[in-house]
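Just so you know, all these numbers are worked out from the coordinates, no wet-lab data involved. Only a predicted model underlies this, so the values are computations on that prediction, with no experimental measurement involved. Cβ placement follows ideal geometry from the backbone for every residue including glycine, while neighbour counts extend to all protein chains displayed.
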There are 2 protein chains.
Amino acid sequence: MPESAIHPIDRGASRTRSWWGWGYTDAHPDDAECAALGALLPGTLARPLPIPRVADLAIGRPGVMPPPALAHLVTEDPEARAAHAMGKAYRDVIRALRGRPRRIPDLVARPTDDQEVADLLEWAGERGVAVIPFGGGSSVVGGVEYRGDAHQAVLSLDLTSMDRVLEIDTASRAARIQAGALGPALEAQLRPHDLTLRHFPQSFEFSTLGGWLATRAGGHYATLHTHIDDFVQSLRVITPAGAGTSWRLPASGAGPSPDRLFLGSEGTLGVITEAWMRLQERPRYKASASVAFADFHRALDAVRTIAQSDLFPANCRLLDPGEAALSGASHDGSAVLVLGFESATARGDGRLATALDLARAHGGRGEARTAHGDAPADGPVNAWRSAFLRMPYLRDGLARMGAVVETFETATTWDRLPALIEAVRTEVGAAALKATGQEAAINCRLTHVYPDGAAPYFTVAVAGRPGDEVEVWDDIKAVVTDLLHRHHATVTHHHAVGRDHRPGYDLQRPEPFALALRATKDALDPHHILNPGVLLD
Amino acid sequence: MPESAIHPIDRGASRTRSWWGWGYTDAHPDDAECAALGALLPGTLARPLPIPRVADLAIGRPGVMPPPALAHLVTEDPEARAAHAMGKAYRDVIRALRGRPRRIPDLVARPTDDQEVADLLEWAGERGVAVIPFGGGSSVVGGVEYRGDAHQAVLSLDLTSMDRVLEIDTASRAARIQAGALGPALEAQLRPHDLTLRHFPQSFEFSTLGGWLATRAGGHYATLHTHIDDFVQSLRVITPAGAGTSWRLPASGAGPSPDRLFLGSEGTLGVITEAWMRLQERPRYKASASVAFADFHRALDAVRTIAQSDLFPANCRLLDPGEAALSGASHDGSAVLVLGFESATARGDGRLATALDLARAHGGRGEARTAHGDAPADGPVNAWRSAFLRMPYLRDGLARMGAVVETFETATTWDRLPALIEAVRTEVGAAALKATGQEAAINCRLTHVYPDGAAPYFTVAVAGRPGDEVEVWDDIKAVVTDLLHRHHATVTHHHAVGRDHRPGYDLQRPEPFALALRATKDALDPHHILNPGVLLD
C-alpha cells in the first residue's frame, strides 16, 4: 500500500484520558450527577469522593534506568507512571479513589518498532526487571499491574506508539496492523479501503489490537465469530527467546495452531507486535428488532433456538427485566431480546423474519423495527447501545459515591445455564447482603450465544462499607469464583484471567495443559520477566 | 443417557479390511479393472502387481512383551501387526506391493478404557518402547509408522475398542464420544437422537474421531466450520505425565485454549481418549447446483466472491477442467463449481439463488438442480460424490499397474492462489516428466474456501519407473514441498504433518512456537515414546 493511501490517524489527542477512571475526563459525571446516581442506591455516601491527584501518590525515583541507547524510549514522568499502574476494573478505580498504596511502575517505555521491543526485553531480562505489556490499559482483571516483590523494578511496556496499518491485501480482505492501534485509529485507517475489522468491544475507544489478541477479547458479533481469535490470520511475537511470525494462511492443519498459543497468553509468553487480521466489508444492510418476554425462562429457550439455527444474528442480546429497565429497553418488567442482522450480501431481513417467528413461538412479543436501514435513534436497540457505552462512566460515578459496582461474565452450556443464573441471583445477593447489610441489584444479560451454550454477563451494584469497598468486592468475588467453579462455568468468557481470576483459572485449567504452559514459559521467558503473576506463578 | 437408548454399533465386522490398501478388500478393483485403469496412463505395466501377502513379510517375534497384567491387551498376531505397520498413502501402498522392508510393530494393543491406556504408556515409558496411537490407520503422511531405531520396540496403540457414545446432552446438542469410534459407528449411535456430527472426510468409513482430532481433519463443510476443531467442546487426554479433561464450554477466554494444543498434536503429546463434540440437527432442506465456467480464473473470482459473502454454502467445490472431466461433472472442457446448501431452518434455496447470481456475474452457466430436496442421483453433484468416495480404491488399482498416483493439498490466501496453481501445473509437471519420461495428469479442485483464501487439492498421476515408484514419488514430492514453501502455502490444510511433511513443516513453523512445542514434549512425554519423529525429533 503506498504511503499516500494511508489515512491520517485520529489519536484522540485533543481529549484528556483519565489516569484513574474510565475513558476521557470530559465524559466523567460531575459531582451533581454522581450524587444523583448515588441516590439510586440506598446507603451510599452523601457526597462524592474527591477526584484523586497524582501528586498525592508520592511517586519516587525509578529503581533502575536503562542504558543510554534505550533511554529515549522510557519516561519516569509521574503522570505517565500513575496512568500505567493499574487497569480499569472497579477494584482499580476504588483503590485510586481511596488513595490505597500499590506498586507504581518505575518506568514507562514506548517502543516504536520490533527491534526496540526486543532490546527492552533483553535489557529487562539481564537486570531482572518485570515487563508488563500495556495496550489501552482497560484490563478489568488486574492484567496490567505489578503485584509481588520478586523483581528489581517494573517497566510498563506501552505499545501505543506502534499503531499503523502497514499493508492491505484487498483480494484476501486482510491487513497487517501494528498491535498498539487503538480501536478508532485502526478503523480510521481501514475506512478509506471500505473495510472494517468490526471488532467493537465496550472498551473499543480505549483498547488496542494487541490487547484484544492477548486477552482473546469478545467483540461485536453475538454469534459465530464472537472472539477476536477468529479474525487472526497471522501473528508476529517478540519473546525473550527470539521473535517469530506465523504464515498468513486462511486455514492450516500443520500441527497445533501456533497462533492459538499466543492468543490468550496475556503478555506472559511474548509481546504481540503485529498481526494480519481478516477484515469485513462494511455491512450495506441492517435489520433489527426487540422482542419482549414476560417469562425469562421462555426467553432463554427462544434464544437457544435462534442460536441453534443457522441464522447467525450479529446481535442477539437477551436482557433480563432488571437490565432491560436499567437501559430503558423496557418499563413493564419484561425481558427483552435485542436482535440485529447485518450483511453486505443483501439478505438480512429474511433472516430477521425467521428469527422473529422462532421468538414468537416461545412467547415473545415484537416485530422488526427496521429493514434495510439503521435502527431508529429512539428505538430500544439504540437505547441499549448508548447505555452500554456510557456504563463504565456511570460505574465510576457510583464508585465516587462509595458504591460497589462491578460486572463479571462467564459461559456455560445450555443444560447448566438456568441453574447458574438462578444461583448467581441467590448466592451473590446473599453475599452482598452479608458484606454490606444492603440489598444488591443484580442484573443479567446474555452477550454472546452459541449452539451449545451462552455467555451471561452480570452486574452487581450495592452500597459499600465506606472505606472497605475493596474488601466488600473481594468477598463477593470469592463467592462468585466458587459458584462458577461448582457450576463448571468458565472463569471468564472474554475479560481474560489477569491476576484477579487466577484462583478460578488454576482450578479450571487441565493439569497437562498447566504442565505445557509452565514448560513453555520457561522456554520463552527464561528469566520470568513477562507479566509476572498472570496465568502462572 | 440410559444404556437402553444406545443404538447397536455397526462395526462393519462382516467385511474384511485390507491390510495393505484402502478400505474393504471386496471393494478393490479386480485384475481386469486394474488393467483397464492402467490403459488410461501411457507407460504403465502390462499386468497388475500381485496382491501382497502377510506371510511374505517374514514377521518375527516381538522384541518385548508387557507384564502379565497387561498381556491380555496386546497381540503379536502377524496379520494385525502388518495392518498397523503403515498408513494408506500411495507411498505406503506401493511399498506394500513392492514388498519393501519396513518396521512392523512388535505388538498391537487394544485398550478398552483410560486406565489401560495409562498403564500401557507407563510400561512403555519404563521400557523405552515407542507408542504409535492408531485410529483407523488412514494416515496419508506417514503418521502411524515407526522410522528410526532409537526404541527397543514399537507398540501400535489401537483405540478402536473405545468406540461408544457415552452421553448425550440434547439441550446443548453435544455428546461425549470415545476417540476410537469410526465414522459409521459414531453416526449410527447419534442417529436415534436425530443428531449428527456431520464430519464426513473422504476417509469417513476408515478413520476415527480421535484420528480426526489429533490431525485436525477437514470435513463435510466447504465453508465456515471446515475443520473438526470447530466442533470440539472438550477433550480428555492421557499423557505419560498425567491425564486431564478440559471443561465443557461453548466458548472461553481463560488463557490460551487448552484443547488447541492437543488438536493437531498427532499423538506426540498424549492420547486423546474421548471428547465432547458439538452436534448438528440433521438438515431438513438441501439445495444444490453445478455451475460451468469456460474460464478457470473467472471461476476462481466467482468462488472468492461467494466465499466472501455470508452465504456459507455447505459445499463449494471448484473442479478444474481435468478434475471435472475425470469425475464426469463436465465433458466440454469447462471448470465446474459444485454448490450445495443445507439447513435445518428452512432457508437453503434463497441462498442458492443469491450464490448463483454471484456465479453468473463471473461468467458461470448453471441453475439450481434442486430446491428443498436431495440432489438427483444422476446429477453432476452426485457423480462427483461417488467418484470422490471411489477414488482411493482406483488409486490402489493404478498403483498395482505401477503408476504413481497421489494427491497433495494446501491452503493459501486469495492473492497468492492463481500463481500457486499455475506453478504446480508447470513445476510438478516438469518434475514428473524428468522422473519418469512421461507426461503427468495434474488436476486441481478447491475443497474448502474462506473469506481470505482457499484450499486447493491436487492429484498427480503418471506412469512410474517399474520398481522405483517410491523414489519417483519422493522426487516429485520434494519439488512440491519446495514450491509450497516458496509460495507461502501451508504444507497441509487437512492431511496433517506426520513424518512425510516434516521438511516443509519445520520451515513453516515459527521458531518461538517450535521452542514451546519442544518444551511441552519434554514435559508431557519425558521418555519421548509417543509417535517419535512426528512434528518433532
Worksheet item: Near A:K434, which lysines are there with a Cα under 19 Å away, not counting those fewer than 8 places off in the same chain?
Response: A:K477
Practice prompt. Name the long-range amide H neighbours of B:T447: under 5 Å, sequence gap of 5 or more, or other chain; modelled H, no Pro or chain starts.
Written response: B:A455, B:Y457
Worksheet item: At what distance in angstrom do the alpha carbon centres of the stretch A:484-537 and the stretch A:260-282 lie from each other?
Response: 18 Å
Item to complete: Determine one quarter of the surface area of the Cα convex hull of chain A, which equals its mean projected area, and express it in nm² to one decimal.
Response: 24.1 nm²
Response to the item:
Sequence order, the stretch A:444-456: Karplus ³J(HN,Hα) from phi using 6.51 cos²θ - 1.76 cosθ + 1.60, θ = phi - 60°, Hz rounded, Gly and Pro as x, gives 9, 9, 8, 9, 9, 10, 9, x, 10, x, 8, 10, x
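Given R₀ = 30 Å, FRET efficiency for A:E471-A:A27 by Cβ-Cβ distance, to 0.05?
The pair A:E471/A:A27 has a calculated efficiency of 0.55.
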Discussion item. Cβ neighbours within 10 Å, averaged per peptide: list B:458-468, A:416-426 in order, most packed at the top.
Written reply: B:458-468, A:416-426
Worksheet entry | Reachable lysines, given that their alpha-carbon falls under 18 Å from the alpha-carbon of A:K521 and they are not under 8 places away in the same chain | B:K521
Item to complete: Could you list which residues have their amide H under 5 Å from that of A:H494, counting only those 5 or more apart in sequence or on another chain, with H placed in the peptide plane?
Response: B:G253
Item to complete: Per residue of the stretch A:84-89, in order, report the coupling 6.51 cos²θ - 1.76 cosθ + 1.60 (Karplus, θ = phi - 60°) as ³J(HN,Hα) in whole Hz, putting x for Gly and Pro.
Response: 10, 7, 8, x, 10, 5
Practice prompt. Work out the mean other chain Cβ neighbour count within 10 Å for the residues of A:300-309 and drop it here as an integer.
Written response: 2
Worksheet item: Between B:A361 and B:K434, what length in nm is gained on full extension when 0.36 nm per residue of separation is reduced by their alpha carbon distance?
Response: 22.2 nm
Discussion item. Skipping prolines and chain starts, which residues have an amide H placed within reach, meaning under 5 Å, of the one on A:L49, given they are 5 or more residues away or on another chain?
Written reply: A:M401, A:G402
Worksheet item: Any idea what log10 I(q)/I(0) is at q = 0.15, 0.20, 0.25 Å⁻¹ for the stretch B:444-505, Debye with uniform C-alpha scatterers and no solvent?
Response: -0.55, -0.91, -1.21
Worksheet item: Shortest first and in nm to one decimal, what separations exist between A:T426 and its copies in the other chains, measuring from label points 7 Å along the Cα-to-beta-carbon line?
Response: 7.2
Discussion item. Whole-Hz ³J(HN,Hα) for each residue in the stretch A:155-161, computed from phi via Karplus 6.51 cos²θ - 1.76 cosθ + 1.60 with θ = phi - 60°, x for glycine and proline: what do you get?
Written reply: 10, 8, 9, 8, 8, 6, 7
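Name the helices (complete DSSP H segments) of chain B with a Cα length along the long axis of 15 Å or more and a Kyte-Doolittle mean of at least 1.0, or state none.
Numbers: long enough: B:114-127 (20 Å, -0.81); B:296-307 (16 Å, 0.36); B:348-360 (18 Å, -0.05); B:380-400 (29 Å, -0.28); B:469-486 (26 Å, 0.00); B:511-524 (20 Å, 0.26).
Both cut-offs are met by no helix.
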Practice prompt. Could you work out the mean count of beta carbons from other protein chains within 10 Å of each residue's beta carbon in B:239-247?
Written response: 5
Worksheet item: What fraction, in whole percent, of alpha-carbon pairs in the stretch A:165-281 exceed 26 Å separation?
Response: 12 percent
Response to the item:
Rounded to the nearest 0.05, FRET efficiency between B:D113 and A:M65 (Cβ-Cβ, R0 51 Å) equals 0.25
Worksheet entry | Value in Å of the Kirkwood radius, where the protein assembly as shown supplies the Cα pairs that are averaged | 30.6 Å
Worksheet item: Any idea what the A:A32 label distances to the other copies are, label 7 Å down the Cα→Cβ vector, nm, shortest first?
Response: 10.0
Worksheet item: If you count, for each residue, the other Cβ atoms within 10 Å and average over each peptide, how do B:386-393, B:67-74 line up from highest to lowest?
Response: B:386-393, B:67-74
Practice prompt. Find the centroid of the Cα atoms in the stretch B:71-96 and in the stretch A:162-180, then give the distance between the two in whole Å.
Written response: 49 Å
